[in-house]
1. Read through the list (1) in contact (Cβ under 8 Å) with a residue 60 or more places away in the chain; (2) surrounded by fewer than 21 Cβ atoms within 10 Å (Cβ to Cβ); (3) out of contact with any Pro (no Cβ under 8 Å at 6 or more places or on another chain), then give the number of the only condition that Asp306 fails.
2. Does the stretch 225-244 contain any residue that is charged (D, E, K, R) and at pLDDT below 95?
3. Kindly establish whether Ser56 is within 19 Å of Asn35 (Cα to Cα), over 21 Å from the mean Cα position of the chain (by Cα), of a type in the set (S, T, N, Q) and outside the structural domain of Leu146 (by TED's automatic domain parsing).
4. Being over 24 Å from Met152 (Cα atoms) and in contact (Cβ under 8 Å) with a residue 12 or more places away in the chain narrows it down to one of Leu213, Leu240, Leu229, so name that one.
5. Every residue in the stretch 264-321 that is at positive phi and either assigned to a helix (DSSP H, G or I) or polar (S, T, N, Q) (or both), please.
6. Restricted to the stretch 101-149, and to residues that are farther than 15 Å from Tyr19 by Cβ and among the β-branched types (Val, Ile, Thr), which residue is farthest from the chain's Cα centre (by Cα)?
Amino acid sequence: MLPVGTVAPRPAYKMEKIYLGIEIGGTKLQAIIGNEPATIRERRRLTVNAAKGGASIRQQIEEMLPELLRVHSVEAIGVGFGGPVDWRSGKIFRSHQIEGWSGFDLAGWLRSLTNKPVAVENDANLGALAEATHGAGVGFSPVVFLTLGSGMGGGLVVDGKIYHGAIPGEAEIGHVLLDRHGTIVEQRCSGWAVDRKIRELKTTAPESLLARLAGESVGGEAKSLKAALAQSDALAQRILDETSDDLAFALSHVVHLFHPEMIILGGGLSLVGEPLRAAVAKRLDGLIMEVFWPGPQINLSKLGEDAIPVGALVLARRALN
């Protein structure tokens, strides 16, 4: 008991540290505010106009930042960029989708605007980091993450850390060759590759269920694949078989080189869900050495479209520390 007249000391409260995570993609720009456990507190999502180039995206970021920083006391900023980056310096090598980024010092530019610590990474690397630390890959190592979207990227996380290799050091599984004629995995297994196959059906089999579900719109046809599979459509099953065959073949090289415990399928095409996951897992078993059986677990992304911005929050926290 305290003596009479003594004021009890106030308990010490630990202030919650807040971070800003930014995702710069070919079609969208996301900014999220989150805390130490990478819980999202606020989100801004904007559409990117690729035709206007990188300068237009930088203008969107510059207009967005003041309000976010005024409302939130941000400690550090992490950025996931859709293309090869120099992760040590924060400079962009290039964007394969949008002009105006080659050689740009993204980290330096953001530091000048915010006076905060800034770290920049390839977006697929951050998706891998997020899934390994807060998603489907928690408790596993190594973890491989694939983005099956408008393009196709990959990331490798070992013991909670991104594996880079030589700069720019991205795990570019989308550019792995499927044959000696120059066909790469992205051309067969990305979301746009499936879009193209379904679009062709509108001409070759316009009365098919899959073609009818895809409708008249151009782009995003892969979204209709899940519904067609649920109705046992033969053409949808054929496209799933072709895609999973090629993807499993590419992943067999990853398994033989890196022996991951977990491979996680993310990006828009992963929304096909269990049919895609199961097909890839089944085919992969037949493509790896018997001594490696059972192969790595194949899982769907747990974080979905939040994988990259959550990874940016983790990157920001590590940049501060």
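The values are calculated or read from the model by the stated rules, or taken from the named source; none is laboratory data. This is a predicted model, so every value here is computed, not measured. FYI the Cβ positions are ideal-geometry reconstructions off the backbone, even for glycines, and counts take in every protein chain you see.
1. (2)
2. No, the stretch 225-244 contains no residue that is charged (D, E, K, R) and at pLDDT below 95.
3. no
4. Leu213
5. The one that is at positive phi and either assigned to a helix (DSSP H, G or I) or polar (S, T, N, Q) (or both): Gly304.
6. Val138
Here is a yes/no grid of residues against (1) modelled with pLDDT under 95; (2) farther than 29 Å from Gly90 by Cα; (3) not in a helix (DSSP H, G or I):
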{"position": "Glu121", "(1), (2), (3)": "no, no, yes"}
{"position": "Ala128", "(1), (2), (3)": "no, no, no"}
{"position": "Thr133", "(1), (2), (3)": "no, no, no"}
{"position": "Gly137", "(1), (2), (3)": "no, no, yes"}
{"position": "Leu146", "(1), (2), (3)": "no, no, yes"}
{"position": "Ala166", "(1), (2), (3)": "yes, no, yes"}
{"position": "Asp179", "(1), (2), (3)": "yes, yes, yes"}
{"position": "Glu216", "(1), (2), (3)": "yes, yes, yes"}
{"position": "Gly219", "(1), (2), (3)": "yes, yes, yes"}
